[in-house]
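Okay, structure first, notes after.
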Amino acid sequence: MRKIVIAIDGPAGAGKSTVSKQVAKRLGLTYLDTGAMYRALALKAMRAGLTAEDGEAAAVLGDRTTISFGQGDPQAVYLDGEEVTSQIRLPEVGDFASALSVHSPVRRLLVKRQKEMVAAGGVVLEGRDVTTVVAPDADVRVFLTATLDERARRRCAELQARGTPASYEEVRAQIAERDHRDMTRDDSPLVLAPGVPELVTDGMSVDQVVSAIAAMAPTR
Ligand code: DC
């Protein structure tokens, strides 16, 4: 029997990563962070001196690139065998990834790889197109979100905890900009697809969100 697939979609800062990792842990499934793949390819493109407008060139580069995952929390990410776990989290890499991800050749390449990783099942995957494009047939699909203010507050707390505090207004503006770009790109924009339940997590603890999603999983 095919093992289950849980797809968690939603905007930046909704808590997709935290929640997806914990759902995976609770249900004994593998966690797939699709955004990390866009970030890893962005890092490689930046190092190669490409601009974020060079979608075609980035896809060609990506074709010769291996992106893989290891263990740990944060989960280790490897770019051609080199560990880049913390480098891909730099804000400039995130911005580059967001801009690069509007290009269809880049999306085609990474979506193909993601579909291969999901085919065997037993996966919780997260990202801004996973309920619509990467895993539209997932057993469980959820659109995880929270108000812009709530997401900005959470991101600020996260940055503070990491020892890199940033101003609330700046963080809020960055998230709003990311939302706009992710929602208005032509190729597979971030969207709440018909039939996908929206979970607005303002006022919910991580544990409550994880339990709500785990409860949607079919029991076999
Ligand atoms: O989730 P994240 O912040 O790590 O993702 C970084 C960027 O990658 C995000 O701004 C848009 C892009 N992305 C995407 O287009 N599709 C995905 N499934 C995941 C990420």
Q. Short version: ³J(HN,Hα) in whole Hz for each residue of segment 149-163, in order, from phi by Karplus 6.51 cos²θ - 1.76 cosθ + 1.60 (θ = phi - 60°), x for Gly and Pro, what are they?
A. 4, 5, 5, 5, 4, 5, 5, 4, 5, 5, 5, 4, 4, 7, x
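Calculate the dipole size of segment 60-121 relative to its Cα centre from +1 charges on Lys and Arg beta carbons and -1 charges on Asp and Glu beta carbons; express the result in debye to the nearest 20. All intermediate terms of the calculation are to be shown ahead of the outcome.
Working: 7 positive and 8 negative charges, 82 e Å.
Dipole about the Cα centre, nearest 20: 400 debye.
Could you order the peptides 69-75, 19-25, 133-139 from most to least packed, using the average number of other C-beta atoms within 10 Å per residue?
Working: 69-75: 11.4, 19-25: 21.6, 133-139: 18.7.
Put in order of decreasing packing, that is 19-25, 133-139, 69-75.
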Q | q = 0.31 Å⁻¹, segment 9-52: log10 I(q)/I(0) [Debye, one scatterer per Cα] | A | -1.04
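Scale the Cα Rg of the chain by the rule-of-thumb value 2.2 N^0.38 Å and send over the ratio, two decimals.
On the way: Rg = 16.5 Å, N = 220, 2.2 N^0.38 = 17.1 Å.
Ratio of Rg to 2.2 N^0.38 Å for the chain: 0.97.
Roughly speaking, to the nearest percent, how much of the chain's 1.4 Å accessible area is carbon and sulfur?
Numbers: 5590 of 10600 Å².
About 53 percent, which is the carbon plus sulfur part of the accessible surface.
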**Q.** Of all DSSP beta bridges in the chain, antiparallel share, percent nearest 5
**A.** 25 percent
**Q.** R0 of 35 Å, Cβ-Cβ distance Ala48-Leu192: FRET efficiency to nearest 0.05
**A.** 0.50
Q: With both partners inside segment 22-147, how many of the DSSP beta bridges are antiparallel, as a percent to the nearest 5?
A: 55 percent
Q: Would you work out which of Ala12, Tyr31, Ile67 lies farthest towards the positive end of the dipole of segment 1-99? Charges go on Cβ: Lys and Arg +1, Asp and Glu -1.
A: Tyr31
Q: Using the Cα centre as the reference, give the magnitude of the dipole from point charges on the C-beta atoms of the chain (Lys, Arg: +1; Asp, Glu: -1; all else neutral), rounded to the nearest 20 debye.
A: 640 debye
Q | Candidate lysines - alpha carbon under 24 Å from Lys3, same-chain residues fewer than 8 apart omitted | A | Lys16, Lys21, Lys25, Lys112, Lys115
Q) Short version: ³J(HN,Hα) in whole Hz for each residue of segment 5-16, in order, from phi by Karplus 6.51 cos²θ - 1.76 cosθ + 1.60 (θ = phi - 60°), x for Gly and Pro, what are they? A) 10, 10, 10, 10, 9, x, x, 4, x, 7, x, 4
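At 1.306 mPa s and 10 °C, plugging the Kirkwood radius over alpha-carbon pairs of segment 1-107 into Stokes-Einstein gives what diffusion coefficient in µm²/s? The partial results should precede the final answer.
Details: Rh = 14.6 Å.
Translational diffusion coefficient: 108 µm²/s.
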**Q.** segment 6-72-segment 159-210 distance, computed between alpha-carbon centres (Å)
**A.** 16 Å
Q.
Using a Förster radius of 25 Å, what is the FRET efficiency between Lys115 and Ser86 based on their Cβ-Cβ separation? Nearest 0.05, please.
A. 0.35
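Once you list every other residue whose beta carbon is under 15 Å from the beta carbon of Ala52, what net charge do they have if Lys and Arg are +1 and Asp and Glu are -1?
Details: positive: Arg39, Lys44, Arg47, Arg107, Arg178, Arg181, Arg185; negative: Glu53, Asp54, Glu56, Glu92, Asp95, Glu177, Asp182, Asp187.
Result for the neighbourhood of Ala52: -1.
Averaging over all projection directions, find the projected area of the Cα convex hull of segment 61-192 and quote it in nm² with one decimal place. Walk me through the intermediate numbers first.
On the way: hull surface 35.6 nm².
One quarter of the hull surface, i.e. the mean projection, equals 8.9 nm².
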Q. With the calculation restricted to Cα positions, what are the radius of gyration and Dmax of segment 67-136 in angstrom?
A. 12.9, 34
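Can you compute the charge dipole magnitude of segment 101-220 about its Cα centre, using +1 on each Lys and Arg Cβ and -1 on each Asp and Glu Cβ, nothing else charged? Give it in debye, rounded to the nearest 20. Each step should come with its number before you reach the end.
Details: 17 positive and 18 negative charges, 84 e Å.
It works out to roughly 400 debye.
The values are calculated or read from the model by the stated rules, or taken from the named source; none is laboratory data. Predicted model, so just to flag it, every value in this text is computed and none were measured. With ideal geometry, Cβ positions are generated from the backbone for all residues, glycine too; neighbour counts draw on all protein chains shown. Only protein heavy atoms, including side chains, enter the accessible area calculation; ligands, DNA and RNA are left aside. Shrake-Rupley method; radii C 1.70, N 1.55, O 1.52, S 1.80 Å.
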